[in-house]
1. What are the residues in segment 72-103 that are surrounded by 20 or more Cβ atoms within 10 Å (Cβ to Cβ) and touching an Asp or Glu at 6+ places or on another chain (Cβ under 6 Å), if any?
2. Check whether at least one residue in segment 166-174 is farther than 19 Å from A70 by Cα, more than 15 Å from the ligand (Cβ to nearest atom) and of a type in the set (D, E, K, R), and report yes or no.
3. Please indicate, with yes or no, whether at least one residue in segment 101-112 is acidic (D, E) and modelled with pLDDT of 95 or more.
4. Within segment 158-192, how many residues are of a type in the set (V, I, T), at pLDDT below 90, within 18 Å of the chain's Cα centre (by Cα) and not in a helix (DSSP H, G or I)?
5. Within segment 70-91, which residues are away from the ligand (no atom under 16 Å from the Cβ) and touching a residue at least 60 places away in the same chain (Cβ under 8 Å)?
6. What single numbered condition from (1) assigned to a loop (DSSP other than H, G, I, E, B); (2) under 26 Å from G60 (Cα atoms); (3) away from the ligand (no atom under 13 Å from the Cβ) fails to hold for V155?
7. Need pairs with beta-carbon distance below 6 Å; first residue in contact (Cβ under 8 Å) with a residue 24 or more places away in the chain and within segment 106-125, second of a type in the set (S, T, Y) and more than 11 Å from the ligand (Cβ to nearest atom); sequence gap 6+ or separate chains.
8. Kindly list the number of the only condition in (1) under 21 Å from V19 (Cβ atoms); (2) surrounded by 17 or more Cβ atoms within 10 Å (Cβ to Cβ) that fails for N69.
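The values are calculated or read from the model by the stated rules, or taken from the named source; none is laboratory data. Only a predicted model underlies this, so the values are computations on that prediction, with no experimental measurement involved. Every residue, glycine among them, receives a Cβ derived from its backbone with ideal geometry; neighbour counts consider all protein chains shown.
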Amino acid sequence: MVNAHADLFHLDIMDGVFVPNISYGFPVVEAIASKAEKPLDVHLMIVQPEKYIDRFAKAGASMLSFHLNATDEPEQALMRIRETGMKAGLVINPDIPVENLFPFLHLCDYVLLMSVFAGFGGQKFIEDTYGRIRTLKAEIDRLGLPVPIEVDGGVSPANAGALVEAGAEILVAGSAVFKADDPAQVIAAMKV
Ligand code: ZN
C-alpha cells in the first residue's frame, strides 16, 4: 500500500463498549507504525478516550480523533492530544447535529464526519452527509479556522468528487479499497 498513493493510514480502534465490535490495540498500532511510511490517522471509537492519548502518541499515531459523546471532557482531551504533538480531531456519528461541533472547532486540527454509523465496515453511504459537510464548512470558514473536514464511511470513487466539492478534504475509504481487485487504482480514481 506504500506505493498506492494513499496519504494517510486510517486505523479504527473499537473497544466493544462505545461500539459493539472490538478491533485491535496497541501492539497492532505499533507494528503498523514501524512499517508505515505514511502518517497514522487513528480514529478512536472507545469510551473515555482521554485515558489513552499518551499511549497512542507513543504507539506512533500522528493524528488522533475521538467521538464527541465518548467523553465528558472534550476540551481537555483535544488540548492533551495537541500537547503530545499529534493532530487533534473530533468525530460525530450521522445522528448528531454538526452544530454540536461548533464550540470545539478552535481546539481541533481536523473534524471527522461519519457518513455511516461508527463500528461496522461495509455500510451504505448516508446522503445527508453532503449537507452536513456544507454546514460545517461554512462555520469553519466563518471562523477563519484551518480545520479540514474528514469523511469516513461508504466512501468510494462514486462519491469522492461530490464530497470534495461539498468541502471535504480528507476521505477515508475502507471497503472500496480493500475489496477492490486493484486497490491502488481505486485510490488514484478518488484523488483526481
Ligand atoms: Zn474510521
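1. A77, A88 - these are the residues of segment 72-103 that are surrounded by 20 or more Cβ atoms within 10 Å (Cβ to Cβ) and touching an Asp or Glu at 6+ places or on another chain (Cβ under 6 Å).
2. Our first condition is that a residue be farther than 19 Å from A70 by Cα; within segment 166-174, this holds for 166-174.
When the remaining residues are screened for being more than 15 Å from the ligand (Cβ to nearest atom), the result is 166-167, 169.
Filter again for of a type in the set (D, E, K, R), leaving 169.
Yes: segment 166-174 contains one or more residues that are farther than 19 Å from A70 by Cα, more than 15 Å from the ligand (Cβ to nearest atom) and of a type in the set (D, E, K, R).
3. Yes, some residue in segment 101-112 is acidic (D, E) and modelled with pLDDT of 95 or more.
4. Residues meeting the conditions: 0.
5. The answer is none; no residue qualifies.
6. V155 satisfies every listed condition except (3).
7. S115/T129; G121/S175; G122/S175
8. (2)
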